[in-house]
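Each reported figure results from applying straightforward, stated rules to the coordinates on display, with no laboratory input. If you're wondering where the values come from, they're calculated on a predicted model, not measured in any experiment. Counting neighbours? That spans all protein chains shown, and the Cβs are built from the backbone with ideal geometry, glycine included.
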Amino acid sequence: MTEEGVPQPSDGPVKPPYVVDTNIFMDWQARFYPPDVFVSLVEKIDDLIQQGRLIAPRLVREELDAVGTNQLTAWAQAREAVWIPDTAIVEGAVAIQSQFPGLLDPKAEFEEADAYVIALARQQDGIVVTSETPAAEKRKPKREFFIPDVCREIGLPCINLLGLMRREKWRF
């Protein structure tokens, strides 16, 4: 309401944030939708970031720094608003890792972001965005749980990048 007591139109319901896994950034920029070809996709992603609707744990950024292309690393570095400090979600991530020990890759050399992605989405009432598929869809899964498995078990929405594009009704 304004000071005069006149109701103002609402912007509609609050839209949940998308909490993005490392592989989405890799698939988007380095594999399937390179920014030099899909220029409007960069703009649409940047719009989500400016709205605070595309976020990820800082651990995802660390994974990108380790395995991403130079272009992707520079893109990530220029968008500080995306990266949520791990300290804000570590408790939730530890709880998920305890509940689903099969989520961890037994051969991983460093801490993985999967539990942090799930914990952040749970904390923010968000939607997980990942390219992972459930363990049952893999021939010889290297672990018991993948992000979609855990999301299903705890009742958290989980989509891939195309699913995000469809939810947002993007057209190219």
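The table that follows gives values for the structure above.
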read-out: Label-to-label distance, nm, for residues given as R152 and S40 (7 Å Cα→Cβ offset); value: 3.5
read-out: Computed E for L104/R31 - FRET, C-beta separation, R0 22 angstrom, nearest 0.05; value: 0.35
read-out: Lys pairs, the chain - Cα-Cα below 18 angstrom, 8 or more residues apart or on other chains; value: 6
read-out: Principal axis dimensions, largest first and in whole angstrom, of region 96-138 by Cα; value: 30, 23, 18
read-out: Cα-based Rg / Dmax (Å) for the chain; value: 17.2, 65
read-out: Surface/4 of the Cα convex hull for region 55-125, nm²; value: 5.0
